[in-house]
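Q: Take a look at this one; I'll ask things after.
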Amino acid sequence: MPKRESRAELVRTLETIDQRLRWLSAWIIHNANHLRESRDGLKVGGHQASCASMTAIMSALYFHALRPQDKVAVKPHAGPVLHAIHYLLGNQTLEQLKAFRGLGGAQSYPSRTKDKVPVDFSTGSVGLGVAVTAFASLVQDYLIAHGQMPEGEAGRMIALMGDAELDEGNIYECLIEGYKHDIRNCWWIVDYNRQSLDSTTADRMFRRFDDIFETCGWRVVTIKHGKLQREVFKRPGGKAIDKWIDDCPNAEYAALTYQGGAAWRARLCADLAGDQAALDLIASFDDDGLSRLMLNLGGHCVETLIDAFDRAQDDVPTLFIAYTVKGYGLPFQGHKDNHAGLMNPTQMTDYRASLGIVEGTEWEPFSGLGDNSAAALKAFLEPFRTKLTHPARSAPAIPVPDRLPVPDGAEQSTQAAFGRILLDLAKSGHPLADRIVTTSPDVTVSTNLGAFVNQRGLFRRQELKDVFAGHKIPSPQKWAGHEAGQHIELGIAENNLFLMLAALGLSAPLFGERLLPVGTVYDPFISRGLDALNYACYQDARFLLVATPSGLTLGPEGGAHQSINTPLIGMGQPGLTHYEPAFADELALFMHRAFAEMQAPDGGSTYLRLSTRVIDQPDRSSDAWQADALAGGYWLRAPSPGSRAAIAFSGAIAPEAIAAWEQLVDDLPGLGLLNVTSPDLLHRGWSAARAARWQGGTRQPSHVEQLLAPLAADAGIVTLLDGSPAALSWLGGVRGQRISPLGTDRFGQTGDLPDLYHTYRLDADAVIEAMAELLLP
Ligand SMILES: Cc1ncc(C[n+]2csc(CCOP(=O)(O)OP(=O)(O)O)c2C)c(N)n1
Ligand SMILES: [Mg+2]
């Protein structure tokens, strides 16, 4: 802890930084909106008010409390403040700031992959950036427990968050899960400006957050008043002002903040009319002084902030509620509509002048400070250049075996085969198995992960005995929890699954240790966590998602559990390669690829759509099919050159496609049977090949073009999958061949497979009818 005088100096420096950050963030946004040429007439945007609300908090955090090993998720709308910090440090270029929100420039919201300054967690979709820090702290504990990171290197996972983010349900799902796992080393710092996008937030909630977080094992530190307010409250009449502030509704406080000193005086004098001491105290301030007093909330007082941070130096998860004013210090402070508000050029000129910044020197980091102050500030900032710019971590790749053995069995389901492949890996003792971390939102058993967990155990920081095993009660699941366990058990909350996968999948860049996350979920419930899945992919987290069971093929459990549009999700999600294997050997191949892709510099994550349906496995005469299968599709029965017809199918509905082929082939000699293992890869390859031509590359035919090339130009293709027909119907556009797409676009229902396939036109008869319609005149 610094000495008293140096602490006073520190406070002054942090105040200067606060002021610089507020100015620079406002200027970055102003430049983009008012000075940079607009070619499209669109508002560029940016959030000056949201930035101003947080600059003191960020000054106190980044230039006092933060340690090199800590990681931060920055409130999306405070992105410009982060850029301003790195600009002050000399780590961000003027060019990037001038291009804020432009192509290749500083991003509107902090982005791990696109920004040129270090960003630990991307943010943008409110709530997710907050919750991912809790999961990152769990990942850190996992690494420590597995001896992959020394305890002494543990950092704090910190979220700088807006108060409206507390309305997102995913926050509470994560709190509950965090409590179960006894998370630590996590700080959430709320910019409690009591304003969201639309309005001021509900007064009734403010005490409830304490209850909710404390119930979940968090320490809650409320930073309500700044030093000036606390001092004034001690003067005669001060208690009445303190109480008045406590009782004042959020909206009233915000409106008075906007109106300024005279309005504060009128209102306080009216409300405290009977209290002479309070009136005298109010009268001792001029209007500006009174306004300054009323706005001296804890979140704008760096001294109060650093004191609060200094007092929380243990590993208890902590929620700091820092009271702030949205738009603090700017003309629209407190105005309920200020979220997307921009200062106009005149206001900006006044603001610049108030800081002593000479016109034309707006971008100079220390402009307006005076030589001595500027030199002192530069010297203060110097050590932070390296401290706040930890180099990107990398981790050596974990070797992947040459192949993953295919489970035995003439009849198998892809789901059971998945469990078997993981079990075999667990038993093999291959180094890959030691880095796998599995996780599932309460569907571990029903997605066939159980056997892996039997082998490798549940991850628990404190040992957890298997009570049933202790009582010698027979059960196939023998799940003891211990530090070496490799399965992270989650409650039913699919959002948490994807945030867990995001955090695990960033283990290499965040902590320099590679983990290979495998998450399982029922296929329809991917939708429940879709934004979190997108969020994980957006920041290039690497994982394997196994979704099963899927489609109508689930059978009797019925419509609420039968996924329909997930193949389209798989096709539409960047950063995620989707495969729908029909057979166990395909699955082994795709899992093998997934573990390699997860670790490749330009790789990505994988989504496998599996099924519980047990089907006949093909006799393979060679491995020749594999390269095509990995590329998205292969001919299970090759068409003869010039063939007039083909059937293209995906996944566990293979037996219907094969049966239709067998019934049709005599009438249609040369009929092809195409197994589309990844509509996603086929489509992407096709699009990329077309784009290459216009991007100056050479036009190589894509895999799907090559696959369809043997068919006659006017061939008919019937497509079949247990999901949205649109996932395959586009095949007709590749060479202009005619298509009849079969699939489901209605909700499912209970039934056995013959009934369901018949009702939804997914059986061999439907294929034959569709083919007849295509080919007969
Ligand atoms: C999931 C999601 N929904 C909606 C939005 C649009 N949005 C952006 S900011 C915001 C409110 C922000 O309020 P708060 O978190 O209090 O931040 P402040 O700007 O007040 O600091 C909303 C609704 C979003 N970014 N993400
Ligand atoms: Mg807010």
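The values are calculated or read from the model by the stated rules, or taken from the named source; none is laboratory data. None of these values were measured; they are calculated from a predicted model. Using ideal geometry, Cβ is built from the backbone for each residue, glycine included, and neighbour counts are taken over all protein chains shown.
Q: If we scan segment 299-312, do we find a residue that is modelled with pLDDT of 95 or more and within 16 Å of ligand 2 (Cβ to nearest atom)?
A: There is at least one residue in segment 299-312 that is modelled with pLDDT of 95 or more and within 16 Å of ligand 2 (Cβ to nearest atom).
Q: Condition first: surrounded by 17 or more Cβ atoms within 10 Å (Cβ to Cβ) and of a type outside the set (Phe, Trp, Tyr). Now tell me which residues in segment 229-241 satisfy that.
A: 229, 232, 237, 238, 240, 241, listed by residue number.
Q: Does residue 266 meet the test of being without any contact (Cβ under 8 Å) to a residue 40 or more places away in the chain and either over 29 Å from residue 51 (Cβ atoms) or of a type in the set (D, E, K, R) (or both)?
A: yes
Q: Would you point out the residue of segment 162-197, among those that are within 16 Å of ligand 1 (Cβ to nearest atom) and in contact with a Lys or Arg (Cβ under 7 Å, 6 or more places away or on another chain), that is farthest from residue 58 (Cα to Cα)?
A: 195
Q: Can you pull out the residues in segment 362-380 that are free of Cβ contacts under 8 Å to residues at least 60 places away in the same chain and either touching a helix residue (DSSP H, G or I) at 6+ places or on another chain (Cβ under 7 Å) or surrounded by 12 or more Cβ atoms within 10 Å (Cβ to Cβ) (or both)?
A: Answer for segment 362-380, where residues must be free of Cβ contacts under 8 Å to residues at least 60 places away in the same chain and either touching a helix residue (DSSP H, G or I) at 6+ places or on another chain (Cβ under 7 Å) or surrounded by 12 or more Cβ atoms within 10 Å (Cβ to Cβ) (or both): 364, 367, 368, 374, 375, 378.
Q: From (1) over 18 Å from residue 647 (Cα atoms); (2) in contact with a strand residue (DSSP E or B) (Cβ under 9 Å, 6 or more places away or on another chain), pick out the condition that doesn't hold for residue 689.
A: That leaves (2) as the condition not met.
Matching residues to (1) in contact (Cβ under 8 Å) with a residue 40 or more places away in the chain; (2) hydroxyl-bearing (Ser, Thr, Tyr):
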{"position": "176", "(1), (2)": "yes, no"}
{"position": "192", "(1), (2)": "yes, yes"}
{"position": "195", "(1), (2)": "yes, no"}
{"position": "204", "(1), (2)": "no, no"}
{"position": "215", "(1), (2)": "no, yes"}
{"position": "219", "(1), (2)": "yes, no"}
{"position": "227", "(1), (2)": "yes, no"}
{"position": "231", "(1), (2)": "no, no"}
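Q: Quick check on residue 327: is it in a helix (DSSP H, G or I), within 23 Å of residue 165 (Cα to Cα) and within 13 Å of ligand 2 (Cβ to nearest atom)?
A: So residue 327 fails the test.
Q: So residue 109 passes all but one of these: (1) within 21 Å of residue 575 (Cα to Cα); (2) more than 16 Å from ligand 2 (Cβ to nearest atom); (3) among the hydroxyl-bearing types (Ser, Thr, Tyr). Which condition number does it fail?
A: (2)
Q: Which of the strands (runs of 3 or more DSSP E) contained wholly in segment 471-549 include at least 2 residues that are within 15 Å of residue 174 (Cα to Cα)?
A: 487-490
Q: Residue check: is residue 159 away from ligand 1 (no atom under 16 Å from the Cβ), at pLDDT 95 or above and under 15 Å from the mean Cα position of the chain (by Cα)?
A: Criteria not met by residue 159.
Q: Which pairs turn up if I take residues in segment 294-320 that are over 22 Å from residue 268 (Cβ atoms) and buried (at least 24 other Cβ atoms within 10 Å of the Cβ) and look for partners that are modelled with pLDDT under 95 and among the aromatic types (Phe, Trp, Tyr) with beta carbon separation below 9 Å, at least 6 apart in sequence or on another chain?
A: From residues that are over 22 Å from residue 268 (Cβ atoms) and buried (at least 24 other Cβ atoms within 10 Å of the Cβ), the pairs are 319/209.
Q: For residue 350, indicate whether it is free of Cβ contacts under 8 Å to residues at least 40 places away in the same chain, surrounded by fewer than 17 Cβ atoms within 10 Å (Cβ to Cβ) and closer than 17 Å to residue 49 by Cα.
A: For residue 350, the condition - free of Cβ contacts under 8 Å to residues at least 40 places away in the same chain, surrounded by fewer than 17 Cβ atoms within 10 Å (Cβ to Cβ) and closer than 17 Å to residue 49 by Cα - is met.
Q: Do we have residue 200 as within 16 Å of ligand 1 (Cβ to nearest atom), of a type in the set (Val, Ile, Thr), more than 28 Å from residue 459 (Cβ to Cβ) and surrounded by fewer than 22 Cβ atoms within 10 Å (Cβ to Cβ) here?
A: Yes, satisfied.
Q: Just to be sure I understand, how many residues within segment 14-56 are within 15 Å of ligand 1 (Cβ to nearest atom) and crowded, with 16+ Cβ neighbours inside 10 Å?
A: Of the residues in segment 14-56, 16 are within 15 Å of ligand 1 (Cβ to nearest atom) and crowded, with 16+ Cβ neighbours inside 10 Å.
Q: Can you list the helices (runs of 4 or more DSSP H) found entirely within segment 726-777 that contain at least 3 residues being not aliphatic (A, V, I, L, M)?
A: The helices (runs of 4 or more DSSP H) meeting that bar are 731-735, 753-759, 764-775.
Q: Would you mind finding the one in 60, 134 that is touching a Pro at 6+ places or on another chain (Cβ under 9 Å), modelled with pLDDT of 95 or more and buried (at least 24 other Cβ atoms within 10 Å of the Cβ)?
A: Exactly one residue qualifies, and that residue is 134.
Q: So residue 358 fits all but one of (1) more than 16 Å from ligand 2 (Cβ to nearest atom); (2) under 22 Å from residue 46 (Cα atoms); (3) in a loop (DSSP other than H, G, I, E, B); what number is the exception?
A: (2)
Q: Another question, then. Looking only at segment 303-333, which residues are away from ligand 1 (no atom under 16 Å from the Cβ) and within 16 Å of residue 51 (Cβ to Cβ)?
A: Once the filter is applied, which keeps residues that are away from ligand 1 (no atom under 16 Å from the Cβ) and within 16 Å of residue 51 (Cβ to Cβ), segment 303-333 yields only 331.
Q: Still on this structure, I have one more. Name the pairs: first residue in segment 752-775 and closer than 21 Å to residue 673 by Cα and small (Gly, Ala, Ser), second residue at pLDDT 95 or above and not in a helix (DSSP H, G or I), Cβ to Cβ under 7 Å, at least 6 apart or on different chains?
A: 766/742; 770/718; 770/740; 770/742
Q: Is there a residue in segment 66-86 that is within 26 Å of residue 354 (Cβ to Cβ), of a type in the set (D, E, K, R) and surrounded by fewer than 24 Cβ atoms within 10 Å (Cβ to Cβ)?
A: no
Q: From the list 584, 631, exactly one residue is closer than 28 Å to residue 757 by Cα and among the aliphatic types (A, V, I, L, M). Which is it?
A: Within the list 584, 631, the selection yields 584.
Q: In addition: Scan segment 391-419 for residues that are assigned to a loop (DSSP other than H, G, I, E, B) and either more than 30 Å from the chain's Cα centre (by Cα) or crowded, with 21+ Cβ neighbours inside 10 Å (or both) and jot them down.
A: 401, 402, 403, 404, 405, 406, 407, 408, 409, 410, 413 - these are the residues of segment 391-419 that are assigned to a loop (DSSP other than H, G, I, E, B) and either more than 30 Å from the chain's Cα centre (by Cα) or crowded, with 21+ Cβ neighbours inside 10 Å (or both).
Q: I've got another one for you. Considering only residues that are crowded, with 24+ Cβ neighbours inside 10 Å and within 10 Å of ligand 1 (Cβ to nearest atom), look in segment 113-128 and name the one that is nearest to residue 100 (Cα to Cα).
A: Only one residue fits best here, namely 123.
Q: May I pose another question? Inspect all residues belonging to segment 420-427 and state whether any of them is among the small types (Gly, Ala, Ser) and either in contact (Cβ under 8 Å) with a residue 24 or more places away in the chain or surrounded by 15 or more Cβ atoms within 10 Å (Cβ to Cβ) (or both).
A: Within segment 420-427, one or more residues are among the small types (Gly, Ala, Ser) and either in contact (Cβ under 8 Å) with a residue 24 or more places away in the chain or surrounded by 15 or more Cβ atoms within 10 Å (Cβ to Cβ) (or both).
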